[in-house]
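Let me begin by presenting the structure, written as structure tokens, before commenting on it.
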Amino acid sequence: MNLEGKKVVVVGMALSGEAAVKLLLTKGAQVGAVDEKKTGDILGVQIQPQTDAAFVDADLAVVSPGVPADTAVLQHAREHGTQIIGDVELASWFLQGDMIGITGSNGKTTTTALIGHILRESGIPCQVGGNIGGTAPAAMVETSKPGQWNVMELSSFQLETTETLHAHVGIALNVTDNHLDRHYTLANYAAAKGKLFANQQPGDYAILNADNIHTVGFARLTRATKLWFSGTKSVPEGAWLKDGRIVLNGEPLLPTGEIPLKGRHNYENVMAAAIAAHLAGASLTAIAAAVRTFPGVEHRLELVRTLAGVAYYNDSKATSVDATMKAIDAFPGGLWIILGGKDKNSDYSVLREPLRAKAHAALLIGTATPKIAAKLDGAVPLIDAGTLDAAVQRAAREAQPGDTVLLAPACASFDQFQSFEHRGQVFKQLVSHLEERSS
């Protein structure tokens, strides 16, 4: 793709936007930068307000994932002939090496990190990035090379603005209600996820969850070879559970008891990662060995500490109701669960029975508190804590040895925190100071 002399506007100056500006400058584009809040400059490019004037005569606009693609200024730019793409699409034009793309409502980061871990442990060249923290898609271009795998976590926000993105291996872990404040309907959200498979060809591979209606539907979108994984049944080709063991293409891989990740949903993540790593050249023996040594991912069912017989788990990445249900399912009971934050137009009523069965109480924080309280009323004792600090203090006073305090909010973090990572870090700090405060 020749961008020499083209006028390109990058929208949103967070990590991905800065990386896009840098890449575009190396390609000879005339780069503009816009942001609703930031001012100053990026790599010598002056940041402009996000107004129609910034897009006049623009050939291309590159939208950061945090910026809705249907904002008024972008709609206006489209109408005047500006092509609108996202940071992943831009990066894909210049990436060298094949891509393993991972999407889904839950488990993307864990599965992406696990694939990278297996490939590195197997001596297979790879780099990991995308929606996973720290490495924006455009930043991967400079370090990409032929024969090296690009393992990329891909969100619906990134995929909805793709056009020619091609994943040699595409993975759909699951699709459940999430981000309906952005996509409006589950159908729109699923369609964005499905774009990962739109440009696959014979010789490519689509790895799909056989137990999820939406991912099963993705099989119709792709010309790739379909491989399946399932936690409930055997599949024609792929991975499944049999007698407490993961089986890959009919061969035993490893017992679930040897998987260090907590929760049944993580068995599915391991199955999907194993299929992808095997396609990339990893042996079954190497895959099993790497899974056993995988340390997990921060903010995903992360054990912070055990204090006075009470375990404290950080699952701040549980920003959807389905993710919270999976977190609850990972524990036998005795939960003091912290819920709340910024609502994403979610239905919290489905948490009633899981919480009734396993929770002593739910401690509610953030702006979603009234809605969550209304949906859970009568199912479980509710404590209106207001803040994360107050919730941790109350749970620490009430919990008994053998109980678990679980942060699994089922909400976005942006009412009280900068990100789910920020929320998780604050939780960990609060928990680390409990003993000090009680002494």
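The values are calculated or read from the model by the stated rules, or taken from the named source; none is laboratory data. All values reported here derive from a predicted model rather than from experimental measurement. As a convention, Cβ positions derive from the backbone with ideal geometry for all residues, glycine included, and neighbour counts pool all protein chains shown. In case anyone asks, the SASA skips ligands and DNA or RNA and just uses the protein heavy atoms, side chains included. Shrake-Rupley method; radii C 1.70, N 1.55, O 1.52, S 1.80 Å.
Numbers below:
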quantity: Sites Glu298 and Glu258, calculated FRET efficiency, Cβ-Cβ separation with R0 22 Å, nearest 0.05; calculated: 0.50
quantity: Distance in nm between pseudo-label sites at Asp70 and Ala308 (7 Å out along the Cβ direction from Cα); calculated: 5.0
quantity: Contour excess over end-to-end distance, with Cα ends at Ser432 and Phe414 and 0.36 nm allotted per residue; calculated: 4.2 nm
quantity: DSSP-assigned coil residues among chymotrypsin sites (Phe, Trp or Tyr not before Pro) in the stretch 354-439, each with at most 14 further Cβ atoms within 10 Å; calculated: none
quantity: For Trp240, net neighbour charge (Lys/Arg +1, Asp/Glu -1) across residues whose Cβ lies under 12 Å away; calculated: -2
quantity: Accessible area of the chain belonging to carbon and sulfur atoms, whole % at 1.4 Å probe; calculated: 50
quantity: Over the stretch 234-280 - Rg/Rh using Cα atoms and the Kirkwood inverse-distance radius; calculated: 0.93
quantity: Sum of side-chain charges, Asn314 neighbourhood, beta-carbon under 11 Å (Lys, Arg +1; Asp, Glu -1); calculated: +1
quantity: Computed E for Asp57/Ala14 - FRET, C-beta separation, R0 30 angstrom, nearest 0.05; calculated: 0.75
quantity: Gyration tensor verdict on the stretch 359-409 (Cα atoms; rounded if a/c is under 1.5, prolate if a/b is larger than b/c, oblate otherwise); calculated: oblate
quantity: Hydrodynamic radius of the stretch 1-140 per Kirkwood, over alpha carbon pairs, in Å; calculated: 15.9
quantity: For Leu227, residues with placed amide H under 5 Å, excluding near neighbours; calculated: Ala206, Ile207, Leu208
quantity: Debye, to nearest 20: dipole size of the stretch 97-235, +1 on Lys, Arg Cβ, -1 on Asp, Glu Cβ; calculated: 280
quantity: Stokes-Einstein D in µm²/s, Kirkwood radius over Cα pairs - the stretch 73-164 at 25 °C with 0.890 mPa s viscosity; calculated: 177
quantity: Neighbour-limited loop hits for trypsin sites (Lys or Arg not before Pro), the stretch 1-100 (at most 13 other Cβ within 10 Å; DSSP other than H, G, I, E, B); calculated: Lys37
quantity: Computed [θ] at 222 nm, helices only, for the chain once each DSSP H run of length n ≥ 4 contributes -39500 (n - 2.57); calculated: -9000 deg cm²/dmol
quantity: Charge tally in the Cβ shell below 13 Å around Val380, where Lys, Arg are +1 and Asp, Glu are -1, Val380 excluded; calculated: +2
quantity: Spin-label pair Ala357/Gln400, simplified geometry with 7 Å Cα→Cβ offset, distance in nm; calculated: 2.2
quantity: Enclosed volume per residue, in Å³, of the convex hull spanned by Cα atoms of the stretch 328-379; calculated: 72
quantity: Extension gain (nm, one decimal) between Asp384 and Gln48, 0.36 nm per residue minus Cα-Cα; calculated: 116.8 nm
quantity: Mean accessible surface per residue for the chain, computed with a 1.4 Å probe while every protein chain stays in place, in Å²; calculated: 40
quantity: Spherically averaged projected area in nm², based on the convex hull that wraps the Cα atoms of the stretch 217-360; calculated: 11.1
quantity: Under 18 Å from Lys108, Cα to Cα: lysines that are on another chain or at least 8 residues apart; calculated: Lys193, Lys195, Lys262, Lys317, Lys326
quantity: Label-point separation in nm, Ile213 to Thr367, each point 7 Å along Cα→Cβ; calculated: 3.1
